[in-house]
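The next block holds one structure in the form of structure tokens; read it before the comments.
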Amino acid sequence: MLSILRKARLKDKEMRILMLGLDNAGKTTIVKRIMNEDVNSVSPTLGFIIKTIDYDGFKLNIWDVGGQKTLRTYWKNYFEKTDTLIWVVDATDRERLEDCRQELFGLLQQERLMGASLLVFKNKSDVSSSMTEDELRKGLRLDDIYTHKWKIMTCSAITGQNLQEGLQWVVQDAKDRLFLY
């Protein structure tokens, strides 16, 4: 039934993207950069922000949800009808990598996210002290994920590096795995 509903929604070329990650990972900055908004004054998201963008003939509804520890218990309220989960990681935050992995794996076990693909944005890749893609892959144990189609991409919310490529992957993934009329 879920796949039929997804197919019907994609027929209208509308997608729901849930953007999550620990606090200070850069989720809101990524959304602002995608929307061509000012990224110089970003404050912590204390709830959620919804932005809609037309991309490659699709209407992408991006749900940016705050990542503070006190807000994470509320993430489950945003899972419904999610087509893609974008997990944003601060590539300079080695100290919280295990916490980041645990939160991600907890999300991937949620039944309402079972049909969603996963894009891991390795944000702050333009910082010289950031983790390599291989470090992040191993630290998050991405190769242990068999329940979701996933991809990791380096990016920079400040410079915009690979953000459009990330959206392109999201849309192409939806085209590849869901039948469109």
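All of the numbers you see were taken from the coordinates with simple rules; none came from a lab. All values reported here derive from a predicted model rather than from experimental measurement. Heads up, the Cβs are rebuilt from the backbone with ideal geometry, glycines too, and the neighbour counts pull from every protein chain shown.
Annotations
- Segment 2-177: Rg to Rh, with Rh as the Kirkwood radius over Cα pairs: 0.93
- If you take all other residues with their beta carbon under 14 Å from the beta carbon of Glu37, and give Lys and Arg +1 and Asp and Glu -1, the sum is +2.
- Residues considered: Tyr78, Tyr55, Tyr146. Largest GNM mean-square fluctuation over the chain, using C-alpha springs under 10 Å, is found at Tyr146.
- Net charge over other residues, Cβ less than 10 angstrom from the Cβ of Gly139 (K, R count +1; D, E count -1): +2
- Residues Glu14 and Ile145, FRET efficiency given R0 of 30 Å [Cβ-Cβ distance, rounded to 0.05]: 0.70
- Efficiency of FRET between Tyr74 and Ser128 - r from beta-carbon atoms, R0 35 angstrom, step 0.05: 0.50
- Fraction of beta bridges assigned by DSSP in segment 1-128 that are antiparallel (%, nearest 5): 30
- Point-charge dipole on Cβ atoms (K/R +1, D/E -1) for segment 2-177, about Cα centre, debye to 20: 600
- Projecting the Cα atoms of Trp63, Gln164, Trp87 onto the dipole axis of segment 2-177, where Lys and Arg carry +1 and Asp and Glu carry -1 at the beta carbon, places Trp63 farthest toward the positive end.
- Cross-link table Lys69/Lys175; Lys51/Lys175; Lys51/Lys76, entries beyond 24 Å C-alpha to C-alpha: Lys69/Lys175
- Estimated from helical segments only, the mean residue ellipticity of the chain at 222 nm is -9000 deg cm²/dmol, where each DSSP H run of four or more residues counts as -39500 (n - 2.57).
- Per the Kirkwood formula applied to alpha carbons, segment 114-181 shows a radius of gyration over Rh ratio, Rg over Rh, of 1.02.
- Rounded tilt (10° steps) of 97-108 against the dominant C-alpha axis of the chain: 10
- Each of the GluC sites (Glu not before Pro) that DSSP puts in a loop and that has at most 15 other Cβ atoms within 10 Å breaks the chain; the longest unbroken stretch is 81-181.
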